[in-house]
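The values are calculated or read from the model by the stated rules, or taken from the named source; none is laboratory data. Please read all numbers here as calculations on a predicted model, not as lab measurements. In this analysis, Cβ positions are derived from the backbone assuming ideal geometry, glycine residues included, and neighbour counts consider all displayed protein chains.
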Amino acid sequence: MVCVTALAGRHLPARQNKLARASLVPVNRQEHTADMASGRAFGKLAAAVLAVAWVAASTGCTSPGGPPPVPAATSAGPVIQAPAVRPCEKRQIRAAVLRFFAAWNRHDQRSFGQLFQGQGELDMATKHQDTLHHHAWSSAVGPSQVAAFAARQWRLGEVLSHHGMTIYTGPAGPGYLGGAELNGASARFADGTRQPIEEAKFNYNCATGAFTHVVIISAGIAA
């Protein structure tokens with residue numbers, strides 16, 4: 001089920017904000033105090049949610065009472081080491097983002113859904129959702145939900161465009177993860193209206209060849 005999400009429940013505790021700053025997708029380091037409830041601050045908060053989700057997914061969890069129990073050995077045998085995962089390269093991330101746009105603009109539902117695996121999530125504003133001022137967007141998780149969400153948008157003739165991207169890889173997280181932030185992104189609809197995009201951020205797992213989280217939030221409704 002695709003859900004419409006509001007700002008409530010998306011605030012991050014201080015510890016998570018610190019994690020966000022350490023993630024591969026940079027978060028604006030300017031402190032927001034009195035402006036924290038404004039739409040502009042919300043755009044940065046959405047970026048932090050994306051970044052924290054990335055860190056949480058890559059570091060794993062431990063129980064509140066201490067480290068998880070050590071699994072019991074079942075049989076003796078040689079220790080087999082898993083092959084090393086190759087580090088994520090910028091060309092892989094760029095190619096993945098371009099596939100996202102190509103599949104979206106071709107209305108290729110099957111190819112688009114395959115860009116997300118498992119719990120891969122798409123948080124995106126629809127034509128009449130104003131994220132910046134009304135704190136609204138829609139969420140879809142997993143290939144089937146993501147593909148179904150895209151199909152509903154395509155019935156409105158939505159086409160996405162952008163003017164370049166900044167790609168991130170590096171030592172701030174696991175080497176097989178990378179990300180991109182797009183410049184000058186916008187959406188155009190069949191009725192001639194356009195929707196400005198406040199932020200478009202992509203988290204990509206080069207080991208699985210799939211997006212773990214994509215956030216595309218609007219600066220207003222289409223007009």
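What are the residue pairs meeting all of these: first residue in the stretch 177-194, first residue over 21 Å from Val97 (Cβ atoms) and free of Cβ contacts under 8 Å to residues at least 60 places away in the same chain, second residue of a type outside the set (D, E, K, R) and part of a loop (DSSP other than H, G, I, E, B), Cβ atoms under 7 Å, and 6 or more apart or on different chains?
Going by the 7 Å Cβ cut-off, the qualifying pairs are Ala190/Leu156; Ala190/Gly157.
Looking only at the stretch 105-129, filter to residues that are crowded, with 20+ Cβ neighbours inside 10 Å and among the charged types (D, E, K, R); which one of those is nearest to Glu199 (Cα to Cα)?
So the first thing to find is which residues in the stretch 105-129 are crowded, with 20+ Cβ neighbours inside 10 Å, and the list is 112-113, 115-116, 120-126, 129.
Narrowing further to those that are among the charged types (D, E, K, R): 121, 123.
Details: Glu121: 16, Asp123: 11 Å.
Applying the filter and picking the extreme gives Asp123.
Is there any pair linking a residue in the stretch 131-160 that is more than 18 Å from Ala223 (Cβ to Cβ) to one that is basic (Lys, Arg) and surrounded by fewer than 19 Cβ atoms within 10 Å (Cβ to Cβ), with Cβ under 8 Å and at least six apart or on different chains, and which?
Ala147/Arg110
Which numbered condition trips up Trp137, out of (1) more than 15 Å from the chain's Cα centre (by Cα); (2) modelled with pLDDT of 50 or more?
(1)
So which of Ala147, Ala207, Ala223 ends up being under 17 Å from the mean Cα position of the chain (by Cα), outside any strand (DSSP E or B) and over 13 Å from Ile93 (Cα atoms)? Steps first, answer last, please.
Numbers: Ala207 fails: over 13 Å from Ile93 (Cα atoms); Ala223 fails: under 17 Å from the mean Cα position of the chain (by Cα).
After ruling out the rest, the residue left standing is Ala147.
With the structure loaded, tell me whether Val214 is within 22 Å of Gln109 (Cα to Cα) and free of Cβ contacts under 8 Å to residues at least 60 places away in the same chain or whether it fails that test. Show your work before the answer.
Numbers: within 22 Å of Gln109 (Cα to Cα): yes; free of Cβ contacts under 8 Å to residues at least 60 places away in the same chain: no.
In short, no.
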